[in-house]
Amino acid sequence: MTTEPALPDAAENGSTDAAADGEQHFRAPVSFVRRGSRLQGRRQQAWDELSDRFVVDVPRDEADTSVHPEYVFDAAAEFGRTAPLVVEIGSGLGEAVAHAAEQNPDKDFLAVEVYLPGLAQTLQRIGQKGLTNIRVVQANAPEVLSTMLPAGSVDEVWVFFPDPWHKTRHHKRRLVKESFAELVARVLVPGGTWRLATDWSDYAVQMREVLDASASFENLHAGEHVGDQSPLTRVNREGLENKAPQDEVDTLGGWAPRFEGRTLTSFENKAHEAGRLIFDLAYRRI
């Protein structure tokens with residue numbers, strides 16, 4: 001899931017075919033691509049100095065990003081307190097989660113990422129900011145949500161800028177789909193929030209369709225940003241994302257205002273520079 005552009009591709013979870021080992025250990029197309037895991041310089045130093053304290057030691061099943069199905073994360077034991085837990089799926093280089101942890105010392109944060117360099121960069125940010133309320137885990141997100149996290153134990157789930165997997169034949173690899181929504185619903189407390197963001201309109205529409213169809217979620221901004229106020233209408237009319245302009249109006253809306261708790265990351269800034277619009281969504285667990 002969710003990595004930043006300093007990693008090999010500009011999408012959070014890769015943009016080519018998933019590796020066979022990932023498909024074997026979760027029995028489904030995974031939403032990430034295997035990357036190199038070599039650490040150098042400050043990232044290696046951060047890993048050496050901080051991993052014992054801040055990296056969740058997950059027992060593996062088969063692959064190095066798998067989670068043994070009998071392992072259950074104990075947040076209270078890990079953080080030494082009971083506090084609201086926020087889980088970011090695809091935390092990338094840790095810009096968003098580290099900023100949020102610094103701004104919200106009363107909350108605990110779990111950063112889920114498959115790429116070791118991203119995790120090491122997050123550790124570096126933890127050290128620089130002197131944070132104590134973050135833990136990171138190298139793991140395949142669906143396994144984290146299906147077995148590792150107890151049901152009803154998470155207050156917020158964040159999925160910011162997951163890989164759009166542009167080619168139609170690769171859409172099955174997109175993270176946000178019906179089966180994934182069920183897993184998110186499983187871990188969220190009643191009334192908990194799922195926040196999403198993407199800079200690609202067709203994925204934004206898919207996200208909205210998936211969550212609107214779910215009996216477990218309600219849109220916190222249903223009916224908002226409709227018609228001329230919708231970013232989707234603007235994409236259509238202005239021919240953004242290399243599309244031909246068309247007078248197609250978004251009559252559904254439901255887009256959330258930009259989440260103030262998400263710092264402007266290097267990835268999001270590059271999306272703005274490329275002329276892409278940002279689609280935010282926020283849903284409540286019923």
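Computed from the coordinates by the stated procedures, all read-outs in this text should not be read as laboratory data. Just so it is clear, the structure is predicted and the values come from calculations on it, not from any experiment. FYI the Cβ positions are ideal-geometry reconstructions off the backbone, even for glycines, and counts take in every protein chain you see.
Each of the peptides 39-45, 119-125, 231-237 was scored by the mean count of other Cβ atoms within 10 Å over its residues; in descending order, highest first, they stand as 119-125, 231-237, 39-45. The lysines within cross-link reach of LYS107, meaning a Cα-to-Cα straight distance under 26 Å and a gap of 8 or more places when in the same chain, are LYS129. Helical runs assigned H by DSSP (4 residues or longer) give the chain a calculated mean residue ellipticity at 222 nm of -9000 deg cm²/dmol, each run adding -39500 (n - 2.57) before division by the residue total.
Grab the beta carbon distance between GLU238 and ARG169, set R0 = 25 Å, and tell me the FRET efficiency rounded to 0.05.
On the way: r = 28 Å, r/R0 = 1.12.
E(calc), rounded to 0.05, equals 0.35.
The length gained by stretching the chain between GLU273 and HIS68 to full extension, at 0.36 nm per residue less their Cα-Cα distance, is 69.7 nm.
A Gaussian network model of the chain, with springs between Cα atoms under 10 Å, assigns the largest mean-square fluctuation among ASN140, ASN219, ASN269 to ASN269.
Which shape class applies to region 198-272: rounded if a/c is under 1.5, otherwise prolate when a/b exceeds b/c and oblate if not, where a ≥ b ≥ c are the square roots of the Cα gyration tensor eigenvalues? Please list the in-between numbers first.
Working: a/c = 1.74, a/b = 1.09, b/c = 1.60.
Oblate, since a/c reaches 1.5 and b/c is not below a/b.
Once you have a ≥ b ≥ c as the square roots of the Cα gyration tensor eigenvalues for region 74-117, tell me rounded if a/c is under 1.5, and otherwise prolate or oblate according to whether a/b is larger than b/c. Because a/c hits 1.5 or more and a/b fails to exceed b/c, region 74-117 counts as oblate. Rounded to 0.05, the FRET efficiency of the ALA222 and GLN246 pair, given R0 = 25 Å and the Cβ-Cβ distance, is 0.50.
Put simply, the Cα atoms of region 142-286 extend 46, 31, 29 Å along their principal axes, the longest span coming first.
At R0 = 45 Å, how high is the FRET efficiency between ALA213 and ARG81 if r is their beta carbon distance? Nearest 0.05 is fine. Present the calculation step by step, with values, prior to reporting the outcome.
Numbers: r = 37 Å, r/R0 = 0.82.
FRET efficiency, ALA213 to ARG81: 0.75.
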